[in-house]
1. Counting only heavy atoms of the protein chains, get the accessible area per residue of segment 452-555 (1.4 Å probe) and round it to a whole Å² value.
2. Which percent of the accessible heavy-atom area of segment 230-276 goes to carbon and sulfur, probe 1.4 angstrom?
3. Quick check: residue separation of residue 126 and residue 417 times 0.36 nm, minus the Cα distance between them. What number comes out in nm?
4. With a probe of 1.4 Å, find how much accessible area segment 289-367 has per residue, and write the answer as a whole number in Å².
5. In segment 525-566, carbon and sulfur make up what percent of the accessible area (probe 1.4 Å)?
6. Evaluate E = 1/(1 + (r/R0)^6) for residue 473 and residue 558, where r is the Cβ-Cβ distance and R0 equals 30 Å; express this FRET efficiency to the nearest 0.05.
7. Using amide H atoms built in the peptide plane, which far-off residues or other-chain residues are under 5 Å from residue 409 H to H?
8. Could you go through segment 189-201 in sequence order and give the Karplus-derived ³J(HN,Hα) for each residue, using 6.51 cos²θ - 1.76 cosθ + 1.60 with θ = phi - 60°, rounded to whole Hz, and x for Gly and Pro?
Amino acid sequence: MLEEKDENLHENAEGNLEEKAAETSAENELEVQNEPEAVTESESTVTETGTDTESSATETETAAENSATATEDTESDSEQTKEEHKDAVNEVQDNAAEDAEDESATGRHEIPMLDYHSMSKEALVDELEKLVKNEKVQAIKEHVESIKSEFNQKYNEVVEQRKEEFLAEGGNVIDFHFSLPIKGRFNVAYNEYRSKRNEYYKNLEKDLNANLEKRLALIEELKGLLNVEENINTTYKHFKQIQEEWRNAGSIPKAQYNNIWRTYHHHIERFYDFLHLNRDLRDLDFKRNYEEKLKIIARAEELANEENVINAFRELQNLHRLWKEEVGPVAKELREEIWNRFSEATKVIHDRRQEYFKNIDQIYEQNLVVKEEIIAKIKEIAAGNYKVHNQWQNKIKEVEKLREAFFNAGKVPLKVNEETWAKFKQSVREFNANKNAFYKSLKKEQQENLAKKMELIELAESLKDSDDWANVTPKMKKVQADWKKIGHVPKKISDKIWKQFKNACNHYFDRLHAQKNAANAEEVEALKKKEAFLAEMEAFELSGDAKEDVEKIKEKIADWKAIGRVPYNKKNIDNKFNKVVDGLFKKLNIDKQESELIKYSNRLENLDEAKINSERIFIRRKIDEIKGEIRQLENNMQFFSDTSADNPMLKKVHQDIEKHKRNLDTWKAKLQQLRSL
């Protein structure tokens, strides 16, 4: 009869063995379908063909519950709790099944998931390179995809901005090409990840299929134990060996996982029914399984106090895997009690996880508020009317800080993530559009400034070799002043033209200073000579012959002039010489006008061209004033037409007229001297 049931496992899977068959009932079948334990240790039920789905082990595990007499009201009260427990267990086991195909699942969960959203492009690529280099490729899928998503968003934002700038400057969209070195680094790292991943999953498929064949062979070997005629202890040892090999058989394709597991456990339960003939071995195994499951429950209950609820949930998944795959059934009368306890512990952690994600959603909502405020600030800045370069530079810095704040604000609810990102990009795009428009107009102005500065460079270069120091120096200074008044030029050529202009100016003024330095040496030498000459003049004695002394003084004046200029801060020595000459003329009994003209001629030596022009204007004005005074006096003579020539007042008028005429002659003589220079 056992052989017959083995052959019909996948078609019928009725699983009732020997004396246990009599215990099966329709009520038992209904309870098996609803009991949470049926998802784990009682999942020996196999329903491949949709026919009768009860196994003898399932009937055994639910017998205690089915035989209990509870009122309908009590069952109704506990129904909701059972459903909640069942939902919690299903969620844990669904997550565990997701990782069943990949033995590295635990390692994957241990790699921290950083806040990639707040990281820069460079930091994202650094992290990607580190993960690809140091971690197992199958363990970093979520990390890599998150990095890829964030990097592409940030990189595409830069590309769009540069594209807008390119088009704003008059470029054609088909000519736009842009790339950054960081993109190349990302592509290299990501392609390396893809190559490693493809190679891994190619090998993994082979391993999974090999493990599947190994497990199918173990199931066949397990089925064969029911037909072996040997000592029961020998059979039991063979059974334990099969269990150990099963535990170490490795992962299998996810699509086959549940069917293979159910088939294996179906035959495990059949073997335990077979051991009913040897209760000592069966009860000993039940006891060991019970102790192992109590340990699992104890650990699950400890996890309720684990601070990191995500880690607790992951460990709980592993506990369910141990419960389901590695630990066998317990005595029938203990199964419901022990399963309910495990389910309760599972629900506690499940509820904590749900609360955690609920709080996360609240945090995401707060992040959304922050990001919307940032977007509003960027839009406000974008709407501003800024007239000068410095204002735009300050606003560019402000927007850059707001961009960093946006990325550092954290994630937002998934349902509004794309919408929020689109609003952010639009606000930045508006700012960039206005910025580009300003700098486009600024570029035109800079081109005009460039033309003006090039004209000044041309003028400076045309004057730089001139020796006309008196005329060219003021012009060169004006060129420099005009340069400062002109605004900015394009940055790419600014340094070049400034260097060209500076070289021309420096060339001229270096020559000017060299000339002045040479002149200064001559002036110092002239000062020494004049100091010695002044000492001689101060000791000069008149001979008493006025005519001879005048000629001698004129010679001394000519010798003084021939010595040349002295340093500017020592020009007072000329005044000292003039005072000595004035003193000598006072001692001479000569015409005052002659003396005045000799002294005046001496003073003209110290005047430059500008002062000579000024002196010429002054003398002409003085001549006009004296002529006016003479006319006024001559007009006044009419009042004395009937007055005697001896009248004192009339004499005084004649004297004043003569005095003014002599002064007029002196000033005319001085003007003549100026003209002769």
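The values are calculated or read from the model by the stated rules, or taken from the named source; none is laboratory data. On a predicted model such as this, the values are computed, not experimentally measured, just so you know. Here the Cβ is made from the backbone with ideal geometry for all residues, glycine too, and neighbour counts use every protein chain on show. Accessible surface is based on the protein model in full, side chains and every heavy atom, while ligands, DNA and RNA are left aside. Shrake-Rupley method; radii C 1.70, N 1.55, O 1.52, S 1.80 Å.
1. Numbers: 7000 Å² over 104 residues.
Spelled out: the 1.4 Å probe surface of segment 452-555, per residue, equals 67 Å².
2. Roughly 44 percent of what the probe reaches on segment 230-276 is carbon or sulfur.
3. 102.3 nm
4. Details: 3960 Å² over 79 residues.
The answer is 50 Å² per residue.
5. Numbers: 1200 of 2580 Å².
Reported share for carbon and sulfur atoms: 47 percent.
6. Step by step, r from the Cβ atoms, then E = 0.45.
7. none
8. Working through the residues one at a time gives 5, 5, 5, 5, 4, 4, 5, 5, 5, 4, 5, 4, 6 Hz.
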